[in-house]
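Input: a single structure, listed below in structure tokens.
The values are calculated or read from the model by the stated rules, or taken from the named source; none is laboratory data. From a predicted model like this one, the values you see are computed outputs, not experimental measurements. Every residue, glycine among them, receives a Cβ derived from its backbone with ideal geometry; neighbour counts consider all protein chains shown. Heavy atoms of the whole protein, side chains included, go into the accessibility calculation; ligands, DNA and RNA do not. Shrake-Rupley method; radii C 1.70, N 1.55, O 1.52, S 1.80 Å.
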Amino acid sequence: MTNGTERIIGVVGGTGHLGAALARRWAKHGHKIVIGSRDADKARAAADALGAELGREIASGTNLDAARQADVVVVTVPFASQAAVLEEIRPAVHGKIVVDTTVPLVPPKVMRVQLPPEGCAALRAQALLGDGVRVVSAFHNVAAHKLATDAEVECDVLVFGDDKTARAVVATLADDAGLRGLHGGALANSAAAEALTSILIFMNRNYSVDGAGIRITGALAAFAD
């Protein structure tokens, strides 16, 4: 683990819309980023482009390379790729925090909630990776195209995990990305945020919203751990 609040974040699927947007925001905040992809050349191109924008080198490699080099691994892949990608990185993530952003969308009915048999994608991730990995889920309900800009994104991020310390790390990473990270409780509670994504897609279409998100109302005191 790096000193202070600087972390090495491996973004698995880092050439996709969400992964690239988060990588850029965290890099601008000062974290060290490793962009991962199934295609190392594609990851290198994305890292070079981000590095040119920020004026410093950004590391890259395969998804497994990114997982090996990082102390926090963020998985930003579609539900259809989740199992294969987690199997790929499993040898490199024992003892680490793995942030799973997966939403179980099943085309073509993406506006209908379709949670997997495990209860939610996050519990599926924990089962696939094993007990030696601290799985936290987050970033389900924020529009990637908004994160890709420098504009303020009016969206809270609900963070779920059975390890409170790991959950707090990810809530802080949400803050570092310019959002507000809020503890949402146990990993099983991720089902609520994952399901909500289908509802937000429905609202985007039927209310002509450009990337609906969520905000928690009320004056929140400091989190009581």
Candidate lysines for bridging to LYS164, where Cα separation is under 17 Å - those fewer than 8 sequence places away on the same chain excluded:
LYS96
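If the chain were replaced by its equivalent ellipsoid, with semi-axes equal to the square roots of 5 times the Cα gyration tensor eigenvalues, what would those be, largest first, whole Å?
Numbers: eigenvalues 114, 79, 72 Å².
Gyration-tensor ellipsoid for the chain: 24, 20, 19 Å.
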Proximal lysines relative to LYS146, as straight alpha-carbon distance under 20 Å, when same-chain residues fewer than 8 apart are discounted:
LYS28
From the phi of every residue in segment 136-144, what ³J(HN,Hα) in whole Hz does the Karplus formula 6.51 cos²θ - 1.76 cosθ + 1.60 yield, where θ is phi - 60° and glycine or proline is x?
10, 10, 5, 6, 7, 10, 10, 6, 4
Relative contact order, percent, segment 103-196 [alpha-carbon distance under 8 Å, six or more residues apart]:
33 percent
Counting only DSSP beta bridges with both residues in the chain, tell me the antiparallel percent, nearest 5.
5 percent
Result for segment 58-185: accessible area per residue, probe 1.4 angstrom, in square angstrom, of 40 Å²
GluC sites (Glu not before Pro) lying in DSSP loop within segment 1-85, provided at most 14 other Cβ fall within 10 Å:
GLU6, GLU57
Roll a 1.4 angstrom probe over the protein heavy atoms and tell me the percent of accessible area of the chain that is carbon or sulfur.
53 percent
Counting pairs of Cα atoms in segment 1-103, how many percent are more than 24 Å apart?
13 percent
Lys, Arg +1 and Asp, Glu -1 on Cβ, resulting dipole of segment 1-155 about Cα centre, debye, nearest 20:
140 debye
What is the P(r) of segment 121-176, as percent of Cα-Cα pairs per 10 Å bin from 0?
22, 46, 26, 6
Mean-square fluctuation check for the chain, GNM, Cα pairs under 10 Å: which of ALA143, ALA80, ALA23 is largest?
ALA80
Limiting things to C-alpha atoms, what are the Rg and the maximum Cα-Cα separation (Dmax) for segment 152-225, in angstroms?
13.3, 39
Setting aside same-chain residues fewer than 8 positions from LYS109, which aspartates and glutamates have a Cα under 16 Å from its Cα?
GLU194
Determine how many Å³ per residue the convex hull of the Cα atoms of segment 99-225 encloses.
114 Å³
